[in-house]
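Note sheet for the following structure.
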Amino acid sequence: MNTRKVLFLGAGASVPAGYPPTSSLLEKVAEEAKSSLFPQFRNAWQSWTRYLASSPPWLRLVLKNPNPEVALTLPDLFELAIHEQDRSRSSQLMRRARKGKDTSQSIVRLEAYYKSEKRATLAKARTARRRLIDALQWYFTFKLGDKGVTDRTEYLRNQLSALSTGDVVITTNWDPLVEQLLAQEGRWIPTDGYGFQRGMGLLSGLRRVALPGGLGVVSEIQVLKLHGCFGWRDLDDGFFLEGNEFLSQFRFAFEGRRIQMRDMDEPTSYRPSNPIIAFPSYLKSLIHSTLFEVWRTASLVISDCSDFAAAGYSLPASDSAVRALLLPIANGARTGRVRVTIADPAKATLDTWREFLGHNPKFLQLGLEAAPVLLDG
């Protein structure tokens, strides 16, 4: 009989600690950017707002939609459109060249396309999208350094305390709040804690050295981040966990003293690299090999689950992939094979879960900070 417990957390689970809900994320980023002392943060956000201001009225109606999933889908769509157009037109030219055909006119048409106003429009949207990601990255970097966040986490510690070795947290959040708390208690380590293997070492001066013997290299609890994390970086098709702004904020300890852990694959020097995250949009990009591994592990965990609890997650229509992932839970809830508890202060959210899961689960109209321990017993 399966005995694995799974705690599923959405953005609402981090709100009591000081992180914004998805619905007000862009508003909070704007507030922080305007008052930031860092010009890179301000400039990134200003680039995004200039793009909004220069867009035609009908487009602004979409980009300023109060639902961020609608607002952020359009830049994703433009990014996809320009990528596919560029690839298609270049491929046509290469096919003609391989067949020995005259390519002079094709080259002229390709050059005209790259200089065209229609491509320039898409290119502006792509640039704006990247600058928005930069602004989000700065925002979450500063949040990681906010010492007040972990001071407001007793409610989450209580929920995590009910998890035993082999249990799993699955989350759609970009913030590392859960793994930070588990790391403080010695129950989580990056070597395998994200559902994939990482070669980790210690920071000793300016060098990275091997982990000391006796330091546990296996996590009691894994944290599977379905939408990635701002501390996960991609550079020239290489993956690593960022050190200075991300891993440095974790309180890893060994023999009573704090240690600084570093990813052995992190380059010694590099320009800011791409965070591996999936926007809250209807076109979430989940194609990175690291995310593939997370989702593969999550699917195995879900199929081997006896107790499931979710909090702070509204099961939005844009997350069709998450709905597909959770179908075994829906089937298990209806047959009584899986014990399910859902907590959320919004009745509409509970109704959405009820429609998906049926009526057997326990539904609590409470925020996580007011809820009892969901996986107790």
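The values are calculated or read from the model by the stated rules, or taken from the named source; none is laboratory data. The shown structure was predicted, so the numbers you read here are calculated from the model rather than taken from an experiment. With ideal geometry, Cβ positions are generated from the backbone for all residues, glycine too; neighbour counts draw on all protein chains shown. The protein model used for the area step is the full one, side chains on, heavy atoms only, and it has no ligands, DNA or RNA in it. Shrake-Rupley method; radii C 1.70, N 1.55, O 1.52, S 1.80 Å.
Worth a mention:
- Filtered by the rule that a residue be more than 14 Å from A309 (Cα to Cα) and either in contact with a helix residue (DSSP H, G or I) (Cβ under 9 Å, 6 or more places away or on another chain) or surrounded by 18 or more Cβ atoms within 10 Å (Cβ to Cβ) (or both), the range 338-348 gives P345, A346.
- Here the condition is being modelled with pLDDT of 85 or more, assigned to a helix (DSSP H, G or I), open to solvent by 90 Å² or more (accessible area, probe 1.4 Å) and under 17 Å from A120 (Cα atoms); of R50, R89, it holds for R50 alone.
- Residue ID - modelled with the highest pLDDT, chosen from residues in the range 53-78 that are farther than 19 Å from A123 by Cβ, of a type outside the set (A, V, I, L, M) and under 23 Å from the mean Cα position of the chain (by Cα): K64
- The set of residues from the range 302-337 being open to solvent by 40 Å² or more (accessible area, probe 1.4 Å), part of a loop (DSSP other than H, G, I, E, B) and within 18 Å of Y282 (Cα to Cα) comprises S314, A317.
- Among the residues of the range 16-38, just one is closer than 17 Å to L132 by Cβ, of a type outside the set (F, W, Y), over 22 Å from the mean Cα position of the chain (by Cα) and open to solvent by 40 Å² or more (accessible area, probe 1.4 Å), namely K34.
- Checked against the criteria, A13 counts as surrounded by 14 or more Cβ atoms within 10 Å (Cβ to Cβ), of a type in the set (G, A, S), touching a strand residue (DSSP E or B) at 6+ places or on another chain (Cβ under 7 Å) and at pLDDT 90 or above.
- Of all residues in the range 96-111, exactly one satisfies the criterion of being open to solvent by 60 Å² or more (accessible area, probe 1.4 Å) and under 38 Å from the mean Cα position of the chain (by Cα), namely E111.
- Condition check for R60: touching a helix residue (DSSP H, G or I) at 6+ places or on another chain (Cβ under 9 Å), among the charged types (D, E, K, R), assigned to a helix (DSSP H, G or I) and surrounded by fewer than 16 Cβ atoms within 10 Å (Cβ to Cβ): yes
- Matching strands (runs of 3 or more DSSP E) fully within the range 192-245 where at least 1 residues are closer than 19 Å to L7 by Cβ and not basic (K, R): 222-225, 228-235
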